[in-house]
Amino acid sequence: MIDQFINFVIRPPRAEYNPDLYLWEKDFTLAGRKYKREDLELKNERGHTLRCSHYVPSQFPDDTPLPCVVYCHGNSGCRVDANEAAVVLLPSNITVFALDFSGSGLSDGDYVSLGWHEKNDLKVVVSYLRSNEKISRIGLWGRSMGAVTSLLYGAEDPSIAGMVLDSAFSNLFDLMVELADVYKIRLPKFTVKVAVQYMRRAIRKKAKFDINRLDCIQVAPKTFIPALFGHAKDDKFINLGHSEAIFKSYAGDKNIIKFDGDHNSSRPQFYYDSVSIFFYNVLHPPRPPSAYPTKVEKCYDLGDLKGSASRNENLLYEIIAGLQNGSTDAASSSSLPQSIATMKSVGALLSDIAPVATDSLVTEGNTQSGNSPSLVQDKLSTQNEECYSYTSSNRESWGRCSSLGSDDEPSMDCTKATDYDQTNIKVLATPLRNTQQSTLSSPKDEKKKASMETKKSKHEKFEKLEALSQRLRLCILKRVKHRRHCSS
């Protein structure tokens, strides 16, 4: 019975797997971006070969190193356990390094040491990452034995940016005494500690480490790395009190998350979200390139004039001035003052135009229909989402219509898109309830009718200004193209 318990500690069931079947593919896509898996082998101080995998983007950004998180598995785990870490961290531009510790998975070695020798394996991995110029900051994410490994190594290397410690035990000797009771080893209570002392000598002889020296309570007050603790409330293998004791004595910035489940249960989504936010804050990864254009760039495609010389930007300022004056019912169509032109860029001014035009339509539709402002705002937000949808064919044609890089004459798609947008404006300005004419007309009805006609004229004026701005864009484009032909 005691021999079985010794093997349970230093020789638990070993994970055997095929990397091509259980790891992420050599080339895979996640959240719309392409990544690759780089397999490598490292040698530890005892001469054991460590099988490792590094998940990185297919193309590293130019002259911008990326941070990396090393995932440390449990006593019966392997690098397959890091698949969940890849899903959580890769979309945030954080690379993930996974390894099989010595005595685990496909690496060399016969026994595990629950963190004692594993911290030296982790040291080899960190040294390898430090030599890689494409890697910046390094974080650690450990679970069970991996959490103890991360804590023991973090006490020796303060350059680690942050650690996530999931289900760590505080002291191995105390844990073995608890497990003897949990798994109901038939020994009198006064002889349990004597039996554990016997197991201590046997483990030191086989696995070459002392269980009494595996004490996280001693290293926690000396560690100042930001740490996020996590532990399941119903964990019977490593009681919640272990993480609470480490958390209490930990010296660095810390936080703890307690969630439902046991030692081997899957973690809830809010825990993974917290881990993602934690590593984003401590590792400061560069923002991943957006696969889609922003809303302003989608709606206001500048075509050939985008990013051109200052003389072309002056032409754009004239158009922007006309649009701003039209949206505020101004009588003048003069260009922007020079002081304003030097304060804001063209993109910033374009982003300012859309809210002004939208607000005028919201007020107009709200007054005519008699609906509450919140109802009209909800309807408008719904239409805006449709306008900015990347899969909408109408929006794509509208983007081509507003592009200054098109031909001199507008295409059929442009005409259809313009009609579609005008239909949206008319619908937005039409009352939602059915209008019924009453048999008796009162002075109040006549006043309402007069006010509606006045607002209708304003709406028509706004549409004329929109048409005028489109003509101005075509005229300016012709002028620019003419200048280009002359210069060539």
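Taking the criterion of being in contact (Cβ under 8 Å) with a residue 60 or more places away in the chain, open to solvent by 30 Å² or more (accessible area, probe 1.4 Å) and under 28 Å from the mean Cα position of the chain (by Cα), the residues of segment 102-133 that qualify are Y128, E133.
Can you tell me which of V69, V88 is β-branched (V, I, T), out of contact with any Asp or Glu (no Cβ under 8 Å at 6 or more places or on another chain), open to solvent by less than 30 Å² (accessible area, probe 1.4 Å) and in a helix (DSSP H, G or I)? Even if it seems obvious, please write down each step before you answer.
Details: V69 fails: in a helix (DSSP H, G or I).
Just one listed residue meets the conditions, V88.
Considering segment 208-241 alone, what residues qualify as being part of a helix (DSSP H, G or I), open to solvent by 10 Å² or more (accessible area, probe 1.4 Å) and in contact with a helix residue (DSSP H, G or I) (Cβ under 8 Å, 6 or more places away or on another chain)?
So the first thing to find is which residues in segment 208-241 are part of a helix (DSSP H, G or I), and the list is 211-213, 216-222, 240-241.
Filter once more, so that each one left must be open to solvent by 10 Å² or more (accessible area, probe 1.4 Å): 212-213, 217-219, 221-222, 240-241.
Result: N212, I217, V219, P221.
Of the residues contained in segment 191-203, none is found to be open to solvent by 20 Å² or more (accessible area, probe 1.4 Å), within 25 Å of V124 (Cβ to Cβ) and either of a type in the set (A, V, I, L, M) or touching a residue at least 60 places away in the same chain (Cβ under 8 Å) (or both).
In the set (1) over 27 Å from D174 (Cβ atoms); (2) without any contact (Cβ under 8 Å) to a residue 12 or more places away in the chain; (3) not β-branched (V, I, T), the condition left unmet by P285 is number (2). Each residue in segment 156-170 was checked for being surrounded by 20 or more Cβ atoms within 10 Å (Cβ to Cβ) and either out of contact with any His (no Cβ under 8 Å at 6 or more places or on another chain) or assigned to a strand (DSSP E or B) (or both), and 6 pass.
For (1) among the charged types (D, E, K, R); (2) in contact with a strand residue (DSSP E or B) (Cβ under 6 Å, 6 or more places away or on another chain); (3) open to solvent by 10 Å² or more (accessible area, probe 1.4 Å), each residue gets a yes or a no:
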residue: S76; (1), (2), (3): no, no, yes
residue: A82; (1), (2), (3): no, yes, no
residue: D100; (1), (2), (3): yes, yes, no
residue: W141; (1), (2), (3): no, yes, no
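Beta carbons closer than 8 Å, at least 6 apart along the sequence or on distinct chains, pair a first residue in segment 134-146 that is farther than 14 Å from G115 by Cα with a second that is assigned to a helix (DSSP H, G or I) and open to solvent by 40 Å² or more (accessible area, probe 1.4 Å) for I138/R130.
For segment 40-60, a residue qualifies if it is touching a strand residue (DSSP E or B) at 6+ places or on another chain (Cβ under 7 Å) and among the basic types (K, R), and the qualifying residues are K43, R51. In summary, T49 fulfils each of the numbered conditions (1) of a type in the set (S, T, N, Q); (2) closer than 19 Å to V148 by Cα; (3) surrounded by fewer than 19 Cβ atoms within 10 Å (Cβ to Cβ) with the single exception of condition (2). Taken as a whole, the condition of being part of a helix (DSSP H, G or I), closer than 23 Å to I2 by Cβ and polar (S, T, N, Q) applies to T191.
Just one of the numbered conditions (1) of a type in the set (A, V, I, L, M); (2) in contact with a Leu (Cβ under 7 Å, 6 or more places away or on another chain); (3) farther than 25 Å from N239 by Cβ; (4) assigned to a strand (DSSP E or B) is not true of V125: (4).
Scanning segment 260-274 for residues that are assigned to a loop (DSSP other than H, G, I, E, B) and either open to solvent by 40 Å² or more (accessible area, probe 1.4 Å) or touching a residue at least 40 places away in the same chain (Cβ under 8 Å) (or both) yields D260, D262, H263, N264, S266, R267.
The values are calculated or read from the model by the stated rules, or taken from the named source; none is laboratory data. Source: prediction; values computed, not measured. Backbone-built Cβ (ideal geometry, glycine too); neighbour counts: all protein chains shown. The protein model used for the area step is the full one, side chains on, heavy atoms only, and it has no ligands, DNA or RNA in it. Shrake-Rupley method; radii C 1.70, N 1.55, O 1.52, S 1.80 Å.
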